[in-house]
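Structure record follows, encoded as structure tokens.
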Amino acid sequence: MNKTNKDLLNLIQSNFPLESRPFLKIAKELNISEIEVIDIIKELKSSGYIKRIGGIFDSRKLGYYSTLCAIKVPLDKITEVAKLINSNKGVTHNYIRDHSYNMWFTVIAPSIEEVKEFLDNIKIKTHIKDIIELPVVQLFKISVIFNIKE
Amino acid sequence: MLSCLDKKIIRKIQEDLPLVPKPYAEIAQELGITEKELIYKIKGFCDEGIIRRFGSILNHRNVGYKANAMVVWIVPEDKIKEVSKIMISFPQVSHCYQRPIFPDWPYNIFTMVHAKTQQECEKVVKEIASDVKIYDYNMLYSALELKKVSMKYFMQE
């Protein structure tokens, strides 16, 4: 990636311009044209560097309930349990991690009741009792901004 | 409370901004409002904290951050405040939360640590540990990604 592309990536991660011609604003800062900015962004998207440009929301402030959950899944049931968990549209992240609690997922729903119901359903369908719910007690930092250097 | 229009706007800006010279004008037109109104609304959501960040979401694995560990710590209750303050000062720490503990889960502080390599990640974590003087920690790398999507709000209404 060349320097202009890196500068552009660093620039548009936070404070993307909220004005009529946002790409023109970025163009002026980078000393290139508006069309060039749009083309570079298109290129960075198709090569998989940029996922999306838009808003990242605080689910709580939208009235939603969210939590992290961990479950102990027997190795031979991973695919089946993952399929069940991932079928919920509010499950946004799901990872296998190296611990006896080996499957970690986040779930967001319009109410706490819906989350409880979903988890109860997992317990019933999978016969797994070891599932813990880890909602945020206190938030100290959330800032997914990466400094793109080399 | 969010109005019907607020929800319509959120439904649009949780998707991808159109790559045209006047992207807000395009969205505004679809919503039947003016460009000015839309920008004013988005700014309002940012000020209220409804929008945490407005900008590009990168694929961090593709931009070179391939080692991403969930590092969990056992921090005494009375030390949480000062320890978390030090932890969040590290630029490699993207998230830092307190979460509940369970009989078989003693870790109460969660941090996400990002680095280019696992060695680099471990080096950062050791540095954090010695700075906060907490040595009861565990690094849980993601061995496999089973799902990663962005949440779509207000889709059933």
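Okay, residues lined up against (1) within 10 Å of chain B (Cβ to nearest Cβ); (2) of a type in the set (S, T, N, Q); (3) closer than 16 Å to B:Ser150 by Cα; (4) surrounded by 18 or more Cβ atoms within 10 Å (Cβ to Cβ):
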residue: A:Leu18; (1), (2), (3), (4): yes, no, no, no
residue: A:Ile32; (1), (2), (3), (4): no, no, no, no
residue: A:Lys61; (1), (2), (3), (4): yes, no, no, no
residue: A:Leu68; (1), (2), (3), (4): yes, no, yes, yes
residue: A:Val81; (1), (2), (3), (4): yes, no, no, yes
residue: A:Met103; (1), (2), (3), (4): yes, no, no, yes
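When B:Ala115 is tested against (1) surrounded by 19 or more Cβ atoms within 10 Å (Cβ to Cβ); (2) at the interface with chain A (Cβ under 7 Å from one of its Cβ atoms), exactly one condition is not met: (2).
Checking each residue in the range A:116-146 for being assigned to a loop (DSSP other than H, G, I, E, B) and either touching a strand residue (DSSP E or B) at 6+ places or on another chain (Cβ under 9 Å) or more than 13 Å from every other protein chain (Cβ to nearest Cβ) (or both) picks out A:His127, A:Ile128, A:Asp130, A:Pro135, A:Val136, A:Val137, A:Ser143, A:Val144, A:Ile145, A:Phe146. Screening A:Val37 on (1) crowded, with 18+ Cβ neighbours inside 10 Å; (2) closer than 24 Å to B:Lys148 by Cβ shows it passes everything except condition (2). So, B:Pro106, is that one under 30 Å from A:Lys83 (Cβ atoms) and at pLDDT 95 or above or not? So B:Pro106 does not fit the description; no.
Annotation note: of A:Tyr95, A:Tyr101, the sole residue that is aromatic (Phe, Trp, Tyr) and part of a loop (DSSP other than H, G, I, E, B) is A:Tyr101. Looking only at the range A:93-150, which residues are closer than 21 Å to A:Ala82 by Cβ and among the small types (Gly, Ala, Ser)? If the condition is that a residue be closer than 21 Å to A:Ala82 by Cβ and among the small types (Gly, Ala, Ser), then A:Ser100, A:Ala109 are the ones that fit.
Within the option set A:Leu8, A:Leu24, A:Leu84, being outside the structural domain of A:Ile124 (by TED's automatic domain parsing), modelled with pLDDT of 95 or more and among the hydrophobic types (A, V, I, L, M, F, W, C) holds for one residue only, A:Leu24. Looking at the range B:25-33, is at least one residue more than 7 Å from chain A (Cβ to nearest Cβ) and within 16 Å of the chain's Cα centre (by Cα)? No. When B:Ser150, B:Ser130, B:Ser142, B:Ser94 are checked against the criterion of being of a type in the set (S, T, N, Q) and assigned to a loop (DSSP other than H, G, I, E, B), B:Ser150 stands alone in meeting it. When the range A:105-115 is filtered for residues that are acidic (Asp, Glu) and within 10 Å of another protein chain (Cβ to nearest Cβ), nothing remains.
The values are calculated or read from the model by the stated rules, or taken from the named source; none is laboratory data. For clarity, every value in this text was computed on a predicted model and none was experimentally measured. Note that we place each Cβ from the backbone using ideal geometry, even for glycine, and neighbour counts take in every protein chain shown.
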